[in-house]
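The structure appears right after this line, and notes come after that.
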Amino acid sequence: ENGERLYALEVSPRIDPQRYPNVTNPLDPRFLSDYIADLTAVDPHATGVIMQVYRSGDLIFSSYQRAGVYALIAVFVLVLVDFRNVVDALLSLVPVVVGFTVTFAVMWLFGMKINAANIIVLPLMLGIGVDAGVHIIHRYRMDPATRPLGMTAGTGKGITITTLATMIGFGSMLLARHRGIASLGFVMTVGLGMTLLACWIVMPACLEWRARRVGSGRLSS
């Protein structure tokens with residue numbers, strides 16, 4: 001408007017093979033974060049496709065982290081109101097904690113990372129895992145004697161069938177040619193599998209420990 005001329009400077013990233021020996025894609029997180037840092041150091045107002053991809057991905061991850069914390073707090077409050085017992089409320093979250101922990105370990109072993117595609121399934125894993133944990137605790141309260149604790153009277157079969165059915169549905173995505181969809185199927189299948197193993201093995205063990213502790217407390221009193 002005042003006779004000023006505006007210029008657009010286009011910059012294309014160049015990957016140094018010595019500094020990044022296994023990186024061929026400029027969108028690789030190992031290269032992208034350093035590139036964005038160098039670029040913004042020169043021009044804090046730089047923009048472009050790569051900048052948008054980086055900013056949107058960073059926003060997605062930070063938003064999911066906050067949403068995950070809020071969801072976990074809300075779920076814990078909900079199960080606490082249901083059980084009216086802090087120990088039972090914490091035990092109902094055991095399948096989720098074990099499932100998430102082992103899933104992230106498996107992803108690390110296979111060289112996979114959380115991305116914008118597979119991060120979508122994490123809330124599904126949370127919901128399914130908590131649902132299974134709640135059913136197990138309710139069954140244990142109804143039948144605190146028959147082994148395996150919390151998995152009797154069809155509860156274990158119900159959890160197993162529903163989880164396996166969901167695993168089959170998401171496992172079919174492993175055949176997809178799209179790497180993001182295949183990654184989503186892998187994370188969900190492994191996550192549900194680890195959650196189911198936690199229901200089979202970890203939860204009865206925790207309930208056995210709880211039953212023995214409650215029993216010893218009654219004897220001492």
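The values are calculated or read from the model by the stated rules, or taken from the named source; none is laboratory data. Given the structure is predicted, the values throughout are model-derived calculations rather than measurements. Here the Cβ positions follow ideal geometry from the backbone for every residue, glycine too, while neighbour counts run over all protein chains shown. Side chains are part of the model used for accessible areas, which takes the heavy atoms of the whole protein and leaves out ligands, DNA and RNA. Shrake-Rupley method; radii C 1.70, N 1.55, O 1.52, S 1.80 Å.
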Check your understanding: Does GLY129 fit the bill of being closer than 22 Å to ASN85 by Cβ, within 16 Å of the chain's Cα centre (by Cα) and in a helix (DSSP H, G or I)?
Key -> yes
Exercise for review: Could you figure out which of (1) without any contact (Cβ under 8 Å) to a residue 12 or more places away in the chain; (2) under 16 Å from PRO95 (Cβ atoms) isn't true of TRP200?
Suggested key: (1)
Review point. Does ASP82 meet the test of being out of contact with any His (no Cβ under 8 Å at 6 or more places or on another chain), surrounded by fewer than 17 Cβ atoms within 10 Å (Cβ to Cβ), touching a residue at least 12 places away in the same chain (Cβ under 8 Å) and of a type in the set (D, E, K, R)?
Key: yes
Point to revise | Residue count, the stretch 1-29 (criterion: modelled with pLDDT under 80, hydrophobic (A, V, I, L, M, F, W, C), open to solvent by less than 90 Å² (accessible area, probe 1.4 Å) and more than 31 Å from the chain's Cα centre (by Cα)) | key: 1
Exercise for review: Mind listing whichever residues of the stretch 173-209 are of a type in the set (Gly, Ala, Ser) and under 19 Å from PHE110 (Cβ atoms)?
Suggested key: ALA176, GLY180, ALA182, SER183, GLY185, GLY191, GLY193
Review point. Since VAL94 meets every condition but one in (1) within 30 Å of ILE137 (Cβ to Cβ); (2) exposed (fewer than 15 other Cβ atoms within 10 Å of the Cβ), which condition does it not meet?
Key: (2)
**Study point:** Odd one out for GLY68 among (1) more than 30 Å from LEU90 (Cβ to Cβ); (2) part of a helix (DSSP H, G or I)
**Key:** (1)
Exercise for review: Return the only residue of GLY154, GLY150 being over 19 Å from the mean Cα position of the chain (by Cα), modelled with pLDDT under 90 and crowded, with 18+ Cβ neighbours inside 10 Å.
Suggested key: GLY150
**Study point:** Conditions (1) surrounded by 14 or more Cβ atoms within 10 Å (Cβ to Cβ); (2) at pLDDT 80 or above: number failed by VAL53
**Key:** (2)
Review point. Considering only residues of the stretch 30-46 that are open to solvent by 80 Å² or more (accessible area, probe 1.4 Å) and part of a helix (DSSP H, G or I), which is farthest from MET112 (Cα to Cα)?
Key: VAL42
Practice item. Considering only the stretch 129-184, state which residues are of a type in the set (A, V, I, L, M) and without any contact (Cβ under 8 Å) to a residue 24 or more places away in the chain. Key: MET142, ALA145, ALA153, ILE161, ALA165, ILE168, MET173, LEU174, LEU175, ALA176, ALA182
**Study point:** Residue among ALA205, ALA198 that is surrounded by fewer than 21 Cβ atoms within 10 Å (Cβ to Cβ) and among the small types (Gly, Ala, Ser)
**Key:** ALA205
